[in-house]
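Asks: Submitted below is the structure of interest, expressed as structure tokens.
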Amino acid sequence: MPTEQDIAYMRQSLALAARAAGRTSPNPMVGALVVRDGVVVSEGCHLCAGTPHAEAHALAAAGEAARGATVYVTLEPCCHHGRTGPCADALIAAGVKRVVAAMTDPNPKVCGQGLARLRAAGVEVVEGVLAAEAARLNEAFIKWVSTGMPFGIMKTAMTLDGKIATRSGRSKWITGPAARERGHRLRDACDAILVGVGTVLADDPALTARLPEGGGKNPLRIVADSTARTPPAAKVIRDRQAPTLIAATAAAPAERVRALTAAGAEVLILPQTATGVDLRALWRALGERRLTSVLVEGGAAVNAAALAANVIDKIYAFVAPKIFGGAAAPGPVGGAGVNEVAEAVALEDMDAEQVDGDILITAYPAVREGRDVYRACGRIGQG
């Protein structure tokens with residue numbers, strides 16, 4: 001059974017892991033502590049794919065002090081050879097006495113085998129400590145490794161009466177600076193950002209991560225654009241601050257595709273649906289490219305299509321204390337909508353927080369791919 005001390009050390013390990021947010025994809029964020037005689041002797045976190053795992057960093061820093069120690073790790077130690085060696089074997093070789101893990105790794109290459117290897121070697125194992133927090137931290141990794149598709153996040157900003165623009169189409173700025181900064185931090189943490197061509201034509205956005213302290217990571221920029229109407233001179237192409245992918249269909253004229261390619265964009269031809277680009281086909285293609293998260297910042301049409309395609313796993317809705325009114329002023333989700341209340345997209349696990357003068361509501365669609373795996377990862381333990 002975990003102790004209060006185990007929980008406290010695991011919280012510290014989770015904070016270590018979160019330092020690398022947005023930098024480890026397609027790997028998970030992992031933090032590790034080596035504790036001996038009630039003293040933290042070393043710590044480590046996974047910094048980026050292809051570099052040593054958190055346990056390896058912590059063991060190297062601990063040296064001989066790891067022998068007989070307890071290691072706290074936010075994810076089950078791996079047991080397979082990838083670009084780095086198995087962490088379970090490294091822990092055994094270091095002579096650790098006890099391993100406390102937050103959650104089992106949903107990766108089929110691991111999935112309980114790492115913990116089993118530790119137990120077989122005589123290492124005491126405690127699992128499920130703050131499992132829910134650990135699963136929330138790595139929700140994008142869990143979705144991708146269990147389904148092959150990236151974790152979709154829909155982010156929108158609206159007034160109290162549910163408008164994303166005035167009747168004349170003006171939207172700058174609905175929310176305040178603090179909420180806009182949170183939006184840029186979401187971009188920094190995601191592998192890709194998606195908008196529709198309508199947003200590009202109307203606003204000419206850069207879709208980059210601009211953080212107050214600098215150093216933001218720009219995601220892959222994706223434009224859902226069935227007929228390749230994106231201008232080659234659009235900011236998302238000409239600024240070269242990040243790669244740009246135009247998700248088009250066979251309906252796109254060849255000369256437009258050539259112009260976009262010549263300007264430096266990649267054009268990916270995908271199947272077409274009644275609402276435009278087949279977003280599920282796009283998500284599968286992105287998953288094959290080892291992208292684990294996509295931030296959807298589209299307008300009402302793209303948001304509706306993404307929800308209908310069941311590629312949205314989480315929603316961030318910023319609500320400003322303003323009222324626009326007007327039947328012609330758009331809301332965050334367009335499309336045909338539903339006829340019956342029972343047909344609504346049901347949300348769960350809702351949370352709300354104040355962000356300066358605005359309110360941020362986060363929630364998860366109750367029907368989404370990977371939900372059962374995610375819940376299994378976070379179900380056990382003290383979280």
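Asks: Among DSSP beta bridges lying fully in the chain, give the percent that are antiparallel, nearest 5.
Replies: 40
Asks: On a straight-distance basis, which lysines could pair with residue 163 in a cross-link, Cα separation under 27 angstrom, same-chain partners fewer than 8 positions away excluded?
Replies: Reachable lysines: 155, 172, 235, 314, 322.
Asks: Moving on. For residue 109, give me every one of the lysines with a C-alpha distance below 17 angstrom, ignoring sequence neighbours fewer than eight places off in its own chain.
Replies: Correct list for residue 109: 143.
Asks: Also: Say R0 is 51 Å: what FRET efficiency, to the nearest 0.05, do residue 352 and residue 4 get from their beta-carbon distance?
Replies: That pair, residue 352 with residue 4, gives E of 0.95.
Asks: Could you run the Karplus curve 6.51 cos²θ - 1.76 cosθ + 1.60 with θ = phi - 60° over segment 286-298 and give me ³J(HN,Hα) per residue in whole Hz, x for Gly and Pro?
Replies: Whole-Hz 3J(HN,Hα) from phi for segment 286-298: 5, x, 5, 7, 6, 8, 9, 8, 10, 9, 9, 10, x.
Asks: Separate question: Of 253, 219, 106, which has the largest mean-square fluctuation in a 10 Å C-alpha GNM of the chain?
Replies: Comparing 253, 219, 106 in a Gaussian network model of the chain, the most mobile one is 253.
Asks: If you don't mind, there's one more thing I want to ask. How high is the FRET efficiency between residue 339 and residue 203 when r is their beta carbon distance and R₀ equals 25 Å, given to the nearest 0.05?
Replies: 0.20
Asks: Springs between alpha-carbon pairs under 10 angstrom, Gaussian network model over the chain: which of 309, 342, 259 fluctuates most?
Replies: 342
Asks: Please state the relative contact order of segment 9-105 as a whole percent: Cα pairs under 8 Å, 6+ residues apart?
Replies: 25
Asks: Let me ask something else. Given a Förster distance of 25 angstrom, what is the FRET efficiency for residue 93 paired with residue 289, based on the Cβ-Cβ distance and rounded to 0.05?
Replies: Between residue 93 and residue 289 the formula returns 0.10.
Asks: Can I ask one more? Take the alpha-carbon centre of segment 102-127, take the same for segment 350-365, and report the distance between them in whole Å.
Replies: What the calculation gives is 35 Å, centre to centre.
Asks: Mind jotting down the distance between the C-alpha centroids of segment 163-219 and segment 309-329, whole Å?
Replies: 14
Asks: Determine ³J(HN,Hα), in whole Hz, for all residues of segment 137-153 in sequence, where each value follows from phi through the Karplus function 6.51 cos²θ - 1.76 cosθ + 1.60 and θ = phi - 60°; x replaces Gly and Pro.
Replies: Along segment 137-153, the couplings run 4, 10, 4, 5, 4, 4, 4, 5, 6, 9, 10, x, 10, x, 7, x, 10 Hz.
Asks: Could you calculate the contour length gain from residue 273 to residue 366, that is, 0.36 nm times the residue separation minus the distance between their Cα atoms, to one decimal place in nm?
Replies: On the way: separation 93, 0.36 × 93 = 33.48 nm, distance 2.39 nm.
Full extension of this stretch gives 31.1 nm more.
Asks: Let me ask something else. Taking only Cα atoms of segment 233-369, what ratio of Rg to Rh do you get with Rh as the Kirkwood inverse-distance radius?
Replies: 1.00
Asks: Could I ask something else about it? Leaving ligands, DNA and RNA out of it, report the carbon-plus-sulfur percent of the accessible area of the chain at a 1.4 Å probe.
Replies: C and S atoms contribute 53 percent here.
Asks: Which far-off residues, 5 or more places away or on another chain, put their amide H under 5 Å from the one on residue 41, with H placed in the peptide plane?
Replies: 34, 35, 36
Asks: Radius of gyration and Dmax for the chain's Cα atoms, expressed in Å?
Replies: 22.6, 70
Asks: Additional query: Would you kindly work out the equivalent ellipsoid of segment 182-259 from its C-alpha gyration tensor and give its semi-axes, the square roots of five times the eigenvalues, largest first in whole Å? If you can, show how the numbers build up before the last one.
Replies: Working: eigenvalues 123, 25, 21 Å².
Equivalent ellipsoid of segment 182-259: 25, 11, 10 Å, largest first.
The values are calculated or read from the model by the stated rules, or taken from the named source; none is laboratory data. Keep in mind it's a predicted model, so treat the numbers as computed, not measured. With ideal geometry, Cβ positions are generated from the backbone for all residues, glycine too; neighbour counts draw on all protein chains shown. The accessibility values were calculated without ligands, DNA or RNA, using every heavy atom of the protein model including side chains. Shrake-Rupley method; radii C 1.70, N 1.55, O 1.52, S 1.80 Å.
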